[in-house]
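Okay, structure first, notes after.
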Amino acid sequence: MASRKRFADNIPGLLTSPMNKDTSRIFVAATRMNDGKTTTCLGLTAALQTMGLNVGYIKPIAQRIVQSGEDQVDEDTLLIDGLFSLDIPIAAMSPVAIGPEFTKNYLENPNEIGPQLKDRICRAFDRAAYGKDIIVVEGSGHAGVGSVFGASNADNAKVLGSKALIVAAGGIGKPIDEIALNKALFDQSGVEVVGVILNKVLPDKIDFIRDFASRGLKKLGVPLIGVVPLQETLVYPNLDQVAEETKARWIHQPAGLRRVRRVVIGAMSARRAAEYFRVNGTLVIVPGDREDLLEAFIEGGGAKSLAGIILSNGLLPNDALMKKLTDAGIPVAAVEAESFAVTARINNMTVKTMKQDSDKIPIIEKMIRESVDIPALLKAIKK
């Protein structure tokens, strides 16, 4: 951690005054990674602001670290900070960055680092909560994440005096089994789980899932407060994310957001190329020496329907054809890997919401506002 050479830097002593206990707070955890914690936190923050509340946010433990000025912070925190005017220093929103040596250092000296870690989180929470009506606290995965260094989500929720909200993938049996495991750890830490949100539910299954999942959760003593439908736009990456995932270099990058809805390998004949323009947002992975296909993409009006072209195998077309692609307005990038390897990386990538996803943000805000019983959640927090 370049900007935090020692964990104890800038901590002159442990917190001597009582931590803020007055500001309402909710700890958002999940049963697994990528179940929708950040989406939920983003939508909750927007919805609570719409209700006239002064909202704060904190993610105590950062594992996916990015640089923000002199601070190393969680990438989700950077997203929330960029979308909302919360008037909170970014370092207070993301107080603990878990670098490569953190766990080893903790295990070598847990008696020193453990209290310092909790102290840093509590100080950051107090700063984030200053002048706020409610704080959204984002966890780092399931209830046990961070247990190895004494700061699991359950531990942190207890330290912050927060009740918990669990987000799980849509379904009945498997999600409820996973919720039961997570609730057991929260229960063990003395943290009350006040609700569950089931995320990414197929739209035609919403009523069915709401009915039977509610019955199953009732046996656990936890209410179902939200069933969020699967939104296809949220699972499609933008072209910048694909380029980053595949380590592609841009050759031509027109302005504007392009979302990849389908990936195909350019192994078809040139005369069949037009068939692949029928779905807007198609990304074609093709070796740069398939100049017949590239010509067909240009002549077939690919600029209107193609998300872009990735030239694979380290091969590029001739300069004249490259100029035609550029003039046609088709985004083009190049990679050294072969087509199947590039396609596999794209199909297996995790799609995170980024600040530049201007088309996604309003969808998320509307989705959470309409699918989650926020008044019921607020009532449960304040009990």
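A few notes on this one:
Quick grid of which residues meet (1) assigned to a strand (DSSP E or B); (2) closer than 24 Å to Lys366 by Cβ; (3) touching a residue at least 40 places away in the same chain (Cβ under 8 Å):
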position: Ser214; (1), (2), (3): no, yes, no
position: Lys218; (1), (2), (3): no, no, no
position: Val222; (1), (2), (3): no, no, yes
position: Ile225; (1), (2), (3): yes, yes, yes
position: Val228; (1), (2), (3): yes, yes, yes
position: Thr233; (1), (2), (3): no, yes, yes
position: Gln241; (1), (2), (3): no, yes, yes
position: Glu244; (1), (2), (3): no, no, no
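- Flag if Leu293 is surrounded by 13 or more Cβ atoms within 10 Å (Cβ to Cβ), of a type outside the set (S, T, N, Q) and farther than 28 Å from Val235 by Cβ: no
- Meets criteria (farther than 17 Å from Val159 by Cα, in contact with a helix residue (DSSP H, G or I) (Cβ under 9 Å, 6 or more places away or on another chain) and surrounded by fewer than 19 Cβ atoms within 10 Å (Cβ to Cβ)) for Thr77: no
- Residue within segment 104-112 that is of a type in the set (Phe, Trp, Tyr), assigned by TED's automatic domain parsing to the domain that holds Thr38 and surrounded by 17 or more Cβ atoms within 10 Å (Cβ to Cβ) present: yes
- Qualifying residues in segment 224-283 (those that are surrounded by 14 or more Cβ atoms within 10 Å (Cβ to Cβ) and of a type in the set (Ser, Thr, Tyr)) - the one modelled with the highest pLDDT: Thr246
- Being at pLDDT below 90, buried (at least 21 other Cβ atoms within 10 Å of the Cβ), in contact with a Phe, Trp or Tyr (Cβ under 7 Å, 6 or more places away or on another chain) and farther than 13 Å from Ile251 by Cβ is a condition met by no residue of segment 307-321.
- Checked against (1) buried (at least 16 other Cβ atoms within 10 Å of the Cβ); (2) under 19 Å from Thr353 (Cβ atoms); (3) among the polar types (S, T, N, Q), Asn182 meets all criteria but (2).
- Put simply, of Val137, Val73, Val159, Val96 the only residue that is closer than 30 Å to Ser214 by Cβ and either among the small types (Gly, Ala, Ser) or in the same structural domain as Met33 (by TED's automatic domain parsing) (or both) is Val137.
- Enumeration of residues in segment 305-316 that are part of a loop (DSSP other than H, G, I, E, B) and under 19 Å from Ile346 (Cα atoms): Asn313, Gly314
- Leu293 modelled with pLDDT under 90 and more than 22 Å from Asp240 (Cβ to Cβ): yes
- Scanning segment 69-122 for residues that are within 21 Å of Thr350 (Cβ to Cβ) and in a strand (DSSP E or B) yields a count of 4.
- Among the residues listed as Glu295, Glu275, Glu370, the single one being in the same structural domain as Gly82 (by TED's automatic domain parsing) and assigned to a helix (DSSP H, G or I): Glu370
- For segment 317-359, the set of residues classified as touching a strand residue (DSSP E or B) at 6+ places or on another chain (Cβ under 9 Å), under 20 Å from Asn34 (Cα atoms) and not in a loop (DSSP other than H, G, I, E, B) consists of Ile346, Asn347, listed by residue number.
The values are calculated or read from the model by the stated rules, or taken from the named source; none is laboratory data. No experiment lies behind these values; they were computed from the predicted model shown. Note: ideal-geometry Cβ built from the backbone for every residue, glycine included; neighbour counts use all protein chains shown.
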